[in-house]
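So the structure is just underneath, and the comments pick up after that.
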Amino acid sequence: MLILGIDEAGRGPVIGPLVICGVLIRQVCLAELIKKGVRDSKSLVPHRRLKLKKEIELLAQDYELIIISPQQIDKKGLNDLELESTITLIRRFHPHRVYVDAPTRNCNSYKEKIRAFLSSETKIELVVENFADQNYPVVGAASILAKVERDRRISKLKKRYGSLGSGYPSDHQTINFLREYLRQHKGFPPIVRKRWKTLQRILEQESRDILEYLGKE
């Protein structure tokens with residue numbers, strides 16, 4: 001039996017791509033994933049993820065990474081793109097069973113949306129759950145490959161743009177980078193998701209700071 005696990009990395013950041021991964025593995029190999037300690041990438045330190053990445057690639061029947069740029073996210077939105085990517089992965093691999101880490105609390109609704117696009121593959125068993133990356137090793141494997149690839153791409157961006165932090169709105173280094181870039185270039189770099197409210201808040205704060213400065217003169 002072929003099992004497909006699907007997960008993503010980079011849904012929440014304001015900087016960088018969303019990476020969606022599908023890992024296809026034979027059911028008989030699932031125990032080996034558990035034995036090697038494959039689990040949700042967020043619970044693993046970077047060097048451990050790198051080591052497990054190699055193990056996963058050896059154990060997997062196949063895998064695929066889908067890279068979604070900030071420009072694509074701005075144009076179409078995360079939800080539609082993630083759903084489309086999930087369908088693409090299922091259609092490519094034709095598994096017997098699919099485990100999907102649901103990006104919404106309404107797992108049944110998301111499952112039905114996926115199912116609606118799989119009319120010719122109705123025999124596929126579909127499991128859509130929150131925290132699937134914690135509960136199913138094959139989804140944990142997908143989360144690891146996605147996270148390693150996103151981290152690699154963020155590292156490349158840092159070489160070009162300097163210290164930009166993790167890319168998440170909660171990261172002070174990321175916010176400071178965006179503020180400084182705005183001040184120097186009168187706009188934001190092409191690596192950001194321009195529809196994110198984070199950027200609107202930065203613009204509003206900068207405007208308030210300017211008005212406050214002018215009021216003191």
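The values are calculated or read from the model by the stated rules, or taken from the named source; none is laboratory data. Predicted model, so just to flag it, every value in this text is computed and none were measured. For neighbour counting, all protein chains shown are included, and Cβ atoms are generated from backbone atoms with ideal geometry for every residue, glycine included.
Structure notes:
- When the range 1-33 is filtered for residues that are small (Gly, Ala, Ser) and within 25 Å of Gly77 (Cα to Cα), the ones remaining, listed by number, are Gly5, Ala9, Gly10, Gly12, Gly16, Gly22.
- Ile87 being touching a Phe, Trp or Tyr at 6+ places or on another chain (Cβ under 6 Å), among the aliphatic types (A, V, I, L, M) and modelled with pLDDT of 90 or more: yes
- Among (1) farther than 30 Å from Tyr181 by Cβ; (2) modelled with pLDDT under 95, the one test that Gly162 misses: (1)
- Residue-level analysis places Val139 among those that are in contact with a Gly (Cβ under 7 Å, 6 or more places away or on another chain) and among the β-branched types (Val, Ile, Thr).
- Residues of the range 182-192 satisfying the condition of being in a helix (DSSP H, G or I) and touching a helix residue (DSSP H, G or I) at 6+ places or on another chain (Cβ under 8 Å): Leu182, Arg183
- All of Ala141, Ala132, Ala146 fail the test of being touching a residue at least 60 places away in the same chain (Cβ under 8 Å), more than 18 Å from Lys53 (Cβ to Cβ), of a type outside the set (Phe, Trp, Tyr) and assigned by TED's automatic domain parsing to the domain that holds Leu50, apart from Ala132.
- Taking first residues from the range 163-187 that are not assigned by TED's automatic domain parsing to the domain that holds Glu149 and among the small types (Gly, Ala, Ser) and partners that are part of a loop (DSSP other than H, G, I, E, B) and surrounded by 10 or more Cβ atoms within 10 Å (Cβ to Cβ), the Cβ contacts under 8 Å between residues at least 6 apart in sequence or on separate chains come to Gly165/Asp171; Ser166/Pro13; Gly167/Gly10; Gly167/Pro13; Gly167/Val14; Gly167/Gly16.
- Number of positions in the range 142-181 that are over 30 Å from Leu58 (Cβ atoms) and part of a loop (DSSP other than H, G, I, E, B): 8
Results for (1) without any contact (Cβ under 8 Å) to a residue 12 or more places away in the chain; (2) polar (S, T, N, Q), shown as yes or no for each residue.
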{"site": "Lys76", "(1), (2)": "yes, no"}
{"site": "His96", "(1), (2)": "no, no"}
{"site": "Asp101", "(1), (2)": "no, no"}
{"site": "Lys111", "(1), (2)": "no, no"}
{"site": "Ser119", "(1), (2)": "yes, yes"}
